[in-house]
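Below is one structure; the comments refer to it alone.
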Amino acid sequence: MRNHTLGIALLLACGLAVSPAAAQTLRIGMKAAVDGSDPHQSYSPNRNVQMHVYESLVFQDENLRPVPGLAESWRVVDDNTWEFRLREGVTFHDGTPLTPEDVAFSIRRAAAAQGLRTYSAQTRSIVAVETVDAGTVRIRTDGPSPLLPSNLAAIMIVSAVAVGTTATEQDFNGGRAAVGTGPYRWVRFTPGSDVTLERAPHHWAPTEPWERVVFRFIPNDSARVSALLAGDVSVVDAVPPALYGRVRADPRSELVTATSGFNFYMYIDSGRAVSTFVTGPDGQPLPNNPLRDRRVRLALSHAINRTALAERAMEGGAEPAGQIAPANFIGYVPDLPVPAYDPARARALLAEAGYPNGFGLTIQCTGDRFAGDARSCQAIGQMLTAIGIRTEVEALPSSIFFRRANRGANGNPEFSVSLSMFFTTTGAAPEGMNSILRTYNNDLRHGASNRGRYSDAVLDGLLGQIETTLDDTRREELTQQAVRRAMEEAAIIPVFFVRSGWGTAKNMTLVPRGDQYTMATGIRLAR
């Protein structure tokens, strides 16, 4: 992080009359509302704000690759042990020093957290956290755990003394537990309205320019952009493609866009013998599920015109996808092409699989999760119909979609083919595949989001090797093999990566992140 001097003249030059105090307040218009302040409950909007207050042993760069955080370095001691050297001079907001005990306490608390949104997947390999000396922590795992640094980026470090064993949500919302090591401290969270942060009095990095940061929740896209253009906020997130032109054209604002790690996938029910929404001419489920045939899954992929979806349905707000992670992220395969749009090939594959006349299909998708999801889903339905798969589309509110997608009859997902956006905390392809493609096993926490109940012993074997291979070069080779295997089998069909859009005041710069977070530490007045 760099130390920047505020330039009041820059604001005045843009026609904005501001006092020195106002110039040091950064107001951010945020689409999604924060609903909690406990840093060990996992929810993206909450985490976006909490990362200003609490810090982790390992930080992530804009492509979510691990970089030093509260730990200035780390190393492998043996197959089951990692050692992290803590950064010197780090204190909590109350002035007390960061200790190995705080690290151990935080990891144990995160691992023990209850609820639907926890970091249990990131802590599942950890069996012990030990103090070596005042500046060194050793973490023991139940076997080789090469992705531990990436996983630890999710775990915020809190003060063991301030939090204790009885801290409540209210204690984290500006109360006794709201004590982190970050550049800002938590002042107030007003549900449904805003979160206010203030610059912390003690921080190990160069001083941030903003004395106060206010996150305002403005769910309506047009209202959020209007707030930016009116000067009510200086930055807005989640600018939809339809409003790109408005932000670009206004002399008071700038548009910043970047490809995110959020992948819009087609999930395919390849696990059940009979799939509910795959039907014959009589409208009844087919006795044999055609989606279990690799040729049919490949036909679905070749039926999709990804470029048209990205440019038209998404209005330029997406990038065609042919694998799990985008360029520069962990697990990206440089020479793996996006599947060709080839309707003739798709029809030939269907005929080869024994379905020359296609079949009936209903696909489900979210209709309100991001700008263009329902539109893209309708377009995909038309593309499938064009190759002989007579497709109906059901666009659902996200709350209903995910309940049905994850909790169908007998504990199995309900849908035959569904489309939704997915991303992992680490941004790494292996974590994504462990969640959406590894054979479902609740006890081992494999396949938590495997909605198609896909199962492939070869892919499982590769993923098992990846999570136990400590050699970086060999692990990357295995990761690329696993990605290729999943794409060759059409285990899941990537459609496009969603692009992120931010609007800023004309005099500001913003560093875009692949997780779509809006960080005050990456926002500066331009020089």
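Entry note, the chain: relative contact order of 19 percent, from Cα contacts under 8 Å with a spacing of 6+ residues. Net charge dipole, the chain: roughly 980 debye, given to the nearest 20, about the Cα centre with Cβ charges of +1 for Lys and Arg and -1 for Asp and Glu. Counting neighbouring Cβ atoms within 10 Å and putting the fewest first, the residues H52, H203 line up as H203, H52. Among beta bridges from DSSP that stay inside the chain, the antiparallel ones total about 75%. When the Cα positions of P66, G175, V77 are compared along the charge dipole of the range 57-215, G175 comes out farthest toward the positive end, with charges on each C-beta of Lys, Arg, Asp and Glu. Remark: W210, W82 ranked as W82, W210, counting other beta-carbon atoms within 10 Å and listing the fewest first. Calculated from the alpha-carbon coordinates, the range 260-499 shows an Rg and a Dmax of 16.8, 55 Å respectively. Dividing the helix sum by the residues of the chain, where each DSSP H run of 4 or more adds -39500 (n - 2.57), gives a mean residue ellipticity at 222 nm of -7000 deg cm²/dmol. What separates the Cα centres of the range 99-130 and the range 161-201 is a distance of 20 Å. For the chain, the longest principal axis of the alpha carbon atoms and the long axis of helix 373-386 meet at an angle near 20°. With neighbour counts taken as other beta-carbon atoms within 10 Å, the residues L116, L98, L300 rank, fewest first, as L116, L98, L300. Let me see the pair-distance distribution of the chain: every alpha carbon pair, 10 Å bin width, integer percents in order. Values per bin, smallest distances first: 4, 18, 27, 25, 18, 7, 2, 0.
Restricting to the range 260-499, what percent of DSSP beta bridges are antiparallel, rounded to 5? Antiparallel bridges: around 60 percent, rounded to the nearest 5. The angle separating the long axis of helix 472-488 from the principal Cα axis of greatest extent in the chain is about 40 degrees. If R0 is 51 Å, what FRET efficiency do you get for T25 and T385 from their C-beta distance, rounded to 0.05? Efficiency computed from Cβ-Cβ geometry: 0.45.
Every number here is computed from the coordinates shown, using simple stated rules; none is lab data. This is a predicted model, so every value here is computed, not measured. Here Cβ is always computed from backbone atoms with ideal geometry, including for glycine, and neighbour counts include all displayed protein chains.
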